[in-house]
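Working notes, structure below.
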Amino acid sequence: MSPFTFQPIGTIRSCFTEKFGIPRQPGLVPEARAFLEIVPPFDKAEAFRGLEAFSHVWLIFVFHQCLAHPWKATVRPPRLGGNRRVGVFASRSGFRPNAIGQSAVRLLGIERKKGTLRLDLGGIDLLDGTPVLDLKPYLPYADAIPDATAGYAPEAPANLKPVVFAAPAEQACQSADPEAYPNLKILITGLLAQDPRPAYKDGDGRKSYGMRLWDLNVRFSLGSTHIIVETIERPGRQCL
């Protein structure tokens, strides 16, 4: 086997500091934002010349939290309820022989801030700290195939239930710093409408769950007709 060594071109800085709550595919929650911070020597402006004309880019990245775990020949995709297994190569699981993934995300801008060249991205599904090996422009005529079939995942998952905010959570959204926590209420709504719970836990009887965004702890519960955001707190503080 020939050895290969790849050097990341940058690192993702996203609102997702834990795996739980991350959309299961890119583009499902447009408000999910991230920056790709490019590292030297790849942060040359000329290396990105012309990229601003593309609306989307492909990111080739490493499932860095899966590197310490062995690959699995079969996995349980959430779309199959978390109990049916398929081959790893029929999935997008991170537990692969080579823990490499790809995501098509929206390119919102390219800027240099405090000396760091970074790409502003939307609709992301990546954990904070994810190493990116490469990026390529998305080409609609070549990358979108209208008559393609998608096996057990033929279309985007349907939203679970409407999302409502209890008074403490609503107040926290209104008082949150919009620069530190952009579109906080819209982001939480979009994420919870996708039902981030593990599929195999659907009948476990639990009523309350937690999700972490940036340094915030978001607590929510499932009612009979709604998902209820109960509180939004920062560690060491009762609320925002």
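The values are calculated or read from the model by the stated rules, or taken from the named source; none is laboratory data. Bear in mind the structure is a predicted one, so any value in this text is a computation, not a measurement. Because the Cβ atoms are built from the backbone with ideal geometry, glycine has one as well, and the counts that use them run over all protein chains shown.
Out of all the residues in region 25-61, which are among the β-branched types (Val, Ile, Thr) and closer than 27 Å to PRO78 by Cα? Break it down stepwise before answering.
Of the residues in region 25-61, the ones among the β-branched types (Val, Ile, Thr) are 29, 38-39, 57, 60.
Listed by number, the residues that qualify are VAL29, VAL57, ILE60.
Filtering region 177-194 down to residues that are surrounded by fewer than 18 Cβ atoms within 10 Å (Cβ to Cβ) and touching a strand residue (DSSP E or B) at 6+ places or on another chain (Cβ under 9 Å), which residue is farthest from CYS15 (Cα to Cα)? Break it down into steps so the answer makes sense when it comes.
To start, the set of residues in region 177-194 that are surrounded by fewer than 18 Cβ atoms within 10 Å (Cβ to Cβ) comprises 177-180, 182-183, 186.
Imposing the further condition that a residue be touching a strand residue (DSSP E or B) at 6+ places or on another chain (Cβ under 9 Å) reduces the set to 182-183.
Working: PRO182: 10, ASN183: 11 Å.
Ranking the qualifying residues of region 177-194, first place goes to ASN183.
Being in contact (Cβ under 8 Å) with a residue 60 or more places away in the chain and at negative phi is the filter here; which residues of region 182-192 pass it? Steps first, answer last, please.
Restricting attention to region 182-192, the residues satisfying the condition of being in contact (Cβ under 8 Å) with a residue 60 or more places away in the chain are 182-183, 186-187, 190-191.
Once the filter is applied, which keeps residues that are in contact (Cβ under 8 Å) with a residue 60 or more places away in the chain and at negative phi, region 182-192 yields PRO182, ILE186, LEU187, GLY190, LEU191.
Which of the numbered conditions does PRO178 fail, given that it passes all the others? Conditions: (1) closer than 30 Å to SER91 by Cα; (2) modelled with pLDDT under 95; (3) of a type outside the set (D, E, K, R).
(1)
Inside region 149-169, can you point out the residues that are without any contact (Cβ under 8 Å) to a residue 60 or more places away in the chain and within 18 Å of VAL86 (Cβ to Cβ)?
Of region 149-169, the ones without any contact (Cβ under 8 Å) to a residue 60 or more places away in the chain are 149-150, 154-155, 158-159, 167.
Result: THR149, ALA150, PRO154, GLU155.
Going by the structure shown, is ASP143 within 24 Å of PHE61 (Cα to Cα) and surrounded by 13 or more Cβ atoms within 10 Å (Cβ to Cβ)? Working first, answer last.
Working: within 24 Å of PHE61 (Cα to Cα): yes; surrounded by 13 or more Cβ atoms within 10 Å (Cβ to Cβ): no.
No.
Residue pairs, Cβ under 6 Å, 6 or more apart or interchain, first in region 35-51 and assigned by TED's automatic domain parsing to the domain that holds ILE110, second surrounded by 10 or more Cβ atoms within 10 Å (Cβ to Cβ) and polar (S, T, N, Q). List them.
GLU37/THR11; GLU37/THR116
Within region 85-97, count every residue that is free of Cβ contacts under 8 Å to residues at least 24 places away in the same chain and over 17 Å from the mean Cα position of the chain (by Cα).
First, pick out the residues of region 85-97 that are free of Cβ contacts under 8 Å to residues at least 24 places away in the same chain: 85, 87-89, 91, 93.
Of the ones still in play, those that are also over 17 Å from the mean Cα position of the chain (by Cα) are 85, 87-89.
The number of residues fulfilling the criteria is 4.
ARG118 fails exactly one of the following numbered conditions: (1) surrounded by fewer than 16 Cβ atoms within 10 Å (Cβ to Cβ); (2) in contact with a strand residue (DSSP E or B) (Cβ under 8 Å, 6 or more places away or on another chain). What is the number of that condition?
(1)
Only one of LEU28, LEU51, LEU36 is under 15 Å from GLN102 (Cβ atoms) and out of contact with any Phe, Trp or Tyr (no Cβ under 7 Å at 6 or more places or on another chain); which? Walk me through it before giving the result.
Working: LEU28 fails: under 15 Å from GLN102 (Cβ atoms); LEU51 fails: under 15 Å from GLN102 (Cβ atoms).
Of the residues listed, the single one that is under 15 Å from GLN102 (Cβ atoms) and out of contact with any Phe, Trp or Tyr (no Cβ under 7 Å at 6 or more places or on another chain) is LEU36.
Please work out if SER103 is outside the structural domain of PRO196 (by TED's automatic domain parsing), polar (S, T, N, Q) and under 16 Å from the mean Cα position of the chain (by Cα). Break it down stepwise before answering.
Numbers: outside the structural domain of PRO196 (by TED's automatic domain parsing): yes; polar (S, T, N, Q): yes; under 16 Å from the mean Cα position of the chain (by Cα): yes.
Criteria met by SER103.
Can you confirm whether ALA153 is outside any strand (DSSP E or B) and within 28 Å of ARG92 (Cβ to Cβ)?
Details: outside any strand (DSSP E or B): yes; within 28 Å of ARG92 (Cβ to Cβ): yes.
Taking the combined requirement at face value, the residue satisfies it.
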